[in-house]
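Peer 1: Pasting a structure below so you can have a look.
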Amino acid sequence: MEPPEGGRKKPNGAAASPAVASIGDELLGDIFLRLPDTATLARAAVVCKRWRRVASDPPLLRRFHSLHGPPPLLGFMMSEPPPRLFSYKVPDRLFIPAPSRNPHLNAAAANADFHCLDFADMYPRSGSVIDDWLLRGYDGGRLLLSYGFVEYEELAVYDPIARTADLVCRPDIMQFDFEFVAVHYALLVDDADASFRVVGAQFSNGRVRAAIFSSQTGQWAPLPFLRAPGPWRMRGGMRAGRFAYWQSNTRLERYFCSEEIERSVVLDTTTTEWTLIQAPFPAKESYCVADMAEHGGLCLVASKDQVVQIWVRDNDGGWVIKKQISLLKKFVLLKRLRQVSKKKRRRRRGYGRRGG
């Protein structure tokens, strides 16, 4: 058989469809919707800029999550807290991937820009006392970054997988008391449509003032203020379900006040109502705020001596322990590791006595 006019004979098994590069964005999005899971979609998003743009399109993500369920956990982002009240040095960022047998999930975690190197190249800044873009928060696979100091601060919400960013103007300083008092932020991402909100909170003169930014409107809106006893050295905000909360930083507080009481200010993002919580345990104990419908909503989860405690409100508004879980009983490996650690300490003490 003669080859077709104007071209060569196609080899056996050659694809009759056009090259992928010639496929329009709409058809490419339809192909992405047929991928088996979010891990595969994330793997596809790292192929090139065009694929990242199509795969991270909010309408496509809404349809994809409705068909395939919520996205899986890629890993955990960790950042060292500032060593002092005002720190200009960027703390080390560490990404810990979640163990997975899914090669697509592992590839997406390995290729993501969690250290924001590409972001820094896209949005270079200079002329500030701040060394680099600071990591201020994270939620739903997005990173909240800031550059500059106080009234000259810039904000950005960055997707390290899609390598796309939304620059956010700092809230109007007139919504706060003092220009030189830092604003602490919390990021809240909606997985359903990839929209996000940023809550900025500032403590001064015995009050917490706050404003909330919506990516859907592109505007900041003021929130009701909350009276809170001082002194208060806020930590960065965190998300807990429908709540955003800021813990008092007792490590810094001890330099300003001898009384060490651990508190949290909690914002219900659905009603914009504030709650001031005084922790029912000593300061510096590890804890977080949680949103547990089965325990009435707002709860505290604390950890002490390898035991996780769930604290809930009683009828009088106080806090009581609802449930305790021993990690040593729940996870046999932890018990073994603790036994090995004890044996090593005994050996070291024994060697020390002999050497003495």
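Peer 1: Out of ARG338, ARG346, which single residue is modelled with pLDDT under 70 and in a helix (DSSP H, G or I)?
Peer 2: Values: ARG346 fails: modelled with pLDDT under 70.
None of the others qualify; the one that does is ARG338.
Peer 1: Among the candidates PHE95, PHE114, single out the residue that is at pLDDT 75 or above, assigned to a loop (DSSP other than H, G, I, E, B) and under 15 Å from the mean Cα position of the chain (by Cα). If you could, list the steps in order and put the result at the bottom.
Peer 2: Values: PHE95 fails: assigned to a loop (DSSP other than H, G, I, E, B).
Going through PHE95, PHE114 in turn, just one is at pLDDT 75 or above, assigned to a loop (DSSP other than H, G, I, E, B) and under 15 Å from the mean Cα position of the chain (by Cα): PHE114.
Peer 1: All but one of (1) loosely packed, with under 13 Cβ neighbours inside 10 Å; (2) under 25 Å from the mean Cα position of the chain (by Cα) hold for LYS329, so report the exception by its number.
Peer 2: It fails just one condition, (2).
Peer 1: Cβ-Cβ below 7 Å, separation at least six or inter-chain, first residue in the stretch 35-64 and farther than 11 Å from ALA162 by Cα and in contact (Cβ under 8 Å) with a residue 40 or more places away in the chain, second aliphatic (A, V, I, L, M) and outside any helix (DSSP H, G or I): which pairs?
Peer 2: Hits for this filter: PRO58/ALA194; LEU61/ALA194; ARG62/ALA192.
Peer 1: Here is a follow-up. Could you tell me how many of the residues in the stretch 10-41 are at pLDDT 80 or above and either basic (Lys, Arg) or not in a loop (DSSP other than H, G, I, E, B) (or both)? Break it down stepwise before answering.
Peer 2: Going through the stretch 10-41, the residues at pLDDT 80 or above turn out to be 24-37, 40-41.
Restricting the remaining residues to those that are either basic (Lys, Arg) or not in a loop (DSSP other than H, G, I, E, B) (or both) gives 25-34, 40-41.
Of the residues in that region, 12 qualify.
Peer 1: Which pairs do you get when a residue that is of a type outside the set (D, E, K, R), found in the stretch 120-138, comes within reach of a residue that is at pLDDT below 85 and part of a strand (DSSP E or B), reach meaning Cβ atoms under 9 angstrom, with the pair 6+ apart or on two chains?
Peer 2: From the stretch 120-138, the pairs are LEU134/SER79; LEU135/MET77; LEU135/SER79; LEU135/ARG93; TYR138/MET77; TYR138/SER79.
Peer 1: While we're looking at this one, here's another question. Kindly evaluate VAL181 against the criterion of being modelled with pLDDT under 85 and β-branched (Val, Ile, Thr). Give the steps one after another, and end with the answer.
Peer 2: On the way: modelled with pLDDT under 85: yes; β-branched (Val, Ile, Thr): yes.
Yes: the conditions hold for VAL181.
Peer 1: Among (1) over 24 Å from ASP159 (Cβ atoms); (2) modelled with pLDDT of 75 or more, there is one condition LEU85 misses while meeting the rest; what is its number?
Peer 2: Unmet condition: (2).
Peer 1: Now for a different question. Which one of THR275, THR271 is at pLDDT 90 or above, assigned to a strand (DSSP E or B) and among the polar types (S, T, N, Q)?
Peer 2: That would be THR275, the only listed residue that is at pLDDT 90 or above, assigned to a strand (DSSP E or B) and among the polar types (S, T, N, Q).
Peer 1: Residues of the stretch 203-245 being at pLDDT below 85, closer than 24 Å to ASP139 by Cα and in contact with a strand residue (DSSP E or B) (Cβ under 6 Å, 6 or more places away or on another chain), which ones?
Peer 2: PHE203, MET234, ARG235, GLY236, listed by residue number.
Peer 1: For GLN306, are the conditions met, namely being surrounded by 14 or more Cβ atoms within 10 Å (Cβ to Cβ), out of contact with any Lys or Arg (no Cβ under 6 Å at 6 or more places or on another chain) and at pLDDT below 85? Break it down into steps so the answer makes sense when it comes.
Peer 2: Values: surrounded by 14 or more Cβ atoms within 10 Å (Cβ to Cβ): yes; out of contact with any Lys or Arg (no Cβ under 6 Å at 6 or more places or on another chain): yes; at pLDDT below 85: yes.
Criteria met by GLN306.
Peer 1: Would you mind telling me which numbered condition in (1) aliphatic (A, V, I, L, M); (2) in contact with an Asp or Glu (Cβ under 9 Å, 6 or more places away or on another chain); (3) surrounded by 14 or more Cβ atoms within 10 Å (Cβ to Cβ) VAL301 fails?
Peer 2: The one condition VAL301 does not meet is (2).
The values are calculated or read from the model by the stated rules, or taken from the named source; none is laboratory data. A quick note: this is a predicted structure, and the numbers were derived from the prediction, not measured. Neighbour counts are summed over all protein chains in view; Cβ atoms, including those assigned to glycine, are modelled from backbone coordinates with ideal geometry.
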